[in-house]
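Participant: There's a structure below that I have some questions on.
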Amino acid sequence: MAAQGKAIDQGHEVEYLTLQNRSVLTRCVSSRVPFAWMINPYRGCEFACKYCYARYTHEFMELRDGLDFERKIYVKQHTGWLLRQELKQVREGQSIAIGTATDPYQPAERKFGITRAIMEEFTRHEGLRIGLVTKSDLVLRDLDLLRAISEKNRLGIHITVTTIKTDLARILEPRAPRPDLRLKAVQKLVEAGIRAGVNCAPILPGITDAPTDLENVVRSAAAAKAMFVMASPLFLKPCSAKIFLPFVQENFPQLVPLYQQRYADRAFLPVEYSRRISTLVKKYCSRHGIGAHDEAFKAQVVARRQLTQQLDLFGGGD
């Protein structure tokens with residue numbers, strides 16, 4: 001199907017192609033993640049993050065140049081209609097994650113609106129558990145839809161912030177919005193009544209994993225009224241290493257031996273490293289009151305839903 005894709009537009013060193021997909025909702029079989037279903041509105045991502053693990057998705061289409069992932073963006077077709085049919089498969093309690101292998105609000109979304117079509121479809125349903133991950137403040141464009149979805153479903157927006165250092169973010173994530181813009185998006189989402197927080201991932205050994213750097217992210221998240229902060233270390237697949245390790249060689253040459261040793265025969269770091277990071281982030285979240293924010297928000301959501309049910313019961317919900 002990718003070979004049959006037609007070029008529909010071009011941007012800065014980017015080619016947009018149609019993808020006549022037969023499905024938009026994909027079952028997740030990994031035991032490492034907490035969701036059962038995935039939705040990726042696009043294949044490929046323009047943000048060009050040096051560490052991105054999702055480059056492997058282009059290899060399925062025989063595109064083996066790692067840079068193709070950020071230069072050839074496939075735009076999925078008929079997503080709203082397909083989603084309506086496929087949501088019948090989702091069982092109670094199962095979660096749907098949007099943006100696991102692409103950014104749903106990358107620049108292509110301004111042109112094609114595929115993510116918005118998906119979110120419009122979600123407004124027609126209730127009782128779903130939905131999570132969305134993005135680095136873009138373009139998510140604020142869809143505040144109307146996100147409010148409507150959150151009224152009848154469990155919705156969480158995860159805004160990725162790997163560092164609050166603008167210069168570092170610019171070389172790690174060359175075409176993504178600045179960290180301060182992402183944090184402002186978190187604040188506006190929360191103020192609009194939507195559960196939103198910070199996804200501090202991936203954490204890069206020797207680059208973003210210093211305790212002071214981690215606390216700075218958590219402190220900034222708290223200032224933005226984030227409901228939560230989640231963190232996970234770098235997952236380095238071979239297709240990603242082809243891009244990331246030369247980046248490390250160019251910008252952090254002293255760290256090359258560290259990465260070669262730690263990722264020589266594995267894609268994941270040892271469990272001990274993950275536990276240390278998790279312990280630090282939990283400590284900083286507690287210190288800056290992020291857990292308390294989330295509990296208060298959940299209580300407000302429960303109260304709002306109970307009031308809505310009472311109004312409906314007495315015919316006052318019109």
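Participant: Once you sort the root eigenvalues of the Cα gyration tensor of segment 124-197 as a ≥ b ≥ c, which label holds: rounded (a/c under 1.5), prolate (a/b larger than b/c) or oblate (the other case)?
Facilitator: prolate
Participant: Additional query: Considering every pair of different Cα atoms, what Kirkwood radius, in Å, is found for segment 95-245?
Facilitator: 15.9
Participant: Next up: Got a number for carbon plus sulfur as a percent of segment 187-232's accessible area, 1.4 Å probe?
Facilitator: Reported share for carbon and sulfur atoms: 51 percent.
Participant: In µm²/s, what is D for segment 217-274 at 10 °C and 1.306 mPa s, where D = kT/(6 pi eta Rh) by Stokes-Einstein and Rh is the Kirkwood radius from Cα pairs?
Facilitator: In µm²/s, the coefficient is 119.
Participant: To continue, here is another question. When ligands, DNA and RNA are left out and all protein chains stay put, how many square angstrom of accessible area per residue does segment 190-246 have with a 1.4 Å probe?
Facilitator: 32
Participant: Leaving ligands and nucleic acids out of the surface, order 81, 37 by accessible area at 1.4 Å, largest first.
Facilitator: Descending accessible area places them as 81, 37.
Participant: So which of 135/282; 72/237; 165/225; 188/237; 237/283; 111/225 end up more than 25 Å apart, counting from Cα to Cα?
Facilitator: Too far apart for the 25 Å limit: 188/237; 237/283; 111/225.
Participant: Same structure again: Tell me the per residue accessible area of segment 132-181 using a 1.4 Å probe; a whole number in Å² is fine.
Facilitator: 38
Participant: Where the only charges are on Cβ atoms (+1 Lys, Arg; -1 Asp, Glu), what is the dipole of segment 75-202 about its Cα centre, to the nearest 20 debye?
Facilitator: So the dipole magnitude of segment 75-202 works out to roughly 100 debye.
Participant: Two decimals is fine: what is log10 I(q)/I(0) at q = 0.18, 0.21 Å⁻¹ for segment 173-262, from a Debye sum with one equal scatterer on every Cα and no solvent?
Facilitator: -0.88, -1.05
Participant: In whole angstrom, how long is each semi-axis of the equivalent ellipsoid of segment 17-174, when you take the square root of 5 times every eigenvalue of its Cα gyration tensor and sort them from largest down?
Facilitator: 25, 19, 15
Participant: GluC sites (Glu not before Pro), restricted to segment 82-113: which are DSSP loop and have at most 10 other Cβ atoms within 10 Å?
Facilitator: For GluC sites (Glu not before Pro) across segment 82-113 that sit outside H, G, I, E and B with at most 10 neighbouring Cβ atoms in 10 Å, the list reads 92.
Participant: When N counts the residues of segment 102-159, how does its alpha-carbon radius of gyration compare numerically with 2.2 N^0.38 Å, as a ratio?
Facilitator: That ratio works out to 1.05.
Participant: For segment 158-224, take every pair of Cα atoms, bin their distances at 5 Å starting from 0, and report each bin as a whole percent.
Facilitator: In whole percents, the pair-distance histogram is 3, 19, 30, 26, 15, 6, 2, 0.
The values are calculated or read from the model by the stated rules, or taken from the named source; none is laboratory data. None of these values were measured; they are calculated from a predicted model. All Cβ positions, glycine included, derive from the backbone under ideal geometry; neighbour counts span all protein chains shown. The protein model used for the area step is the full one, side chains on, heavy atoms only, and it has no ligands, DNA or RNA in it. Shrake-Rupley method; radii C 1.70, N 1.55, O 1.52, S 1.80 Å.
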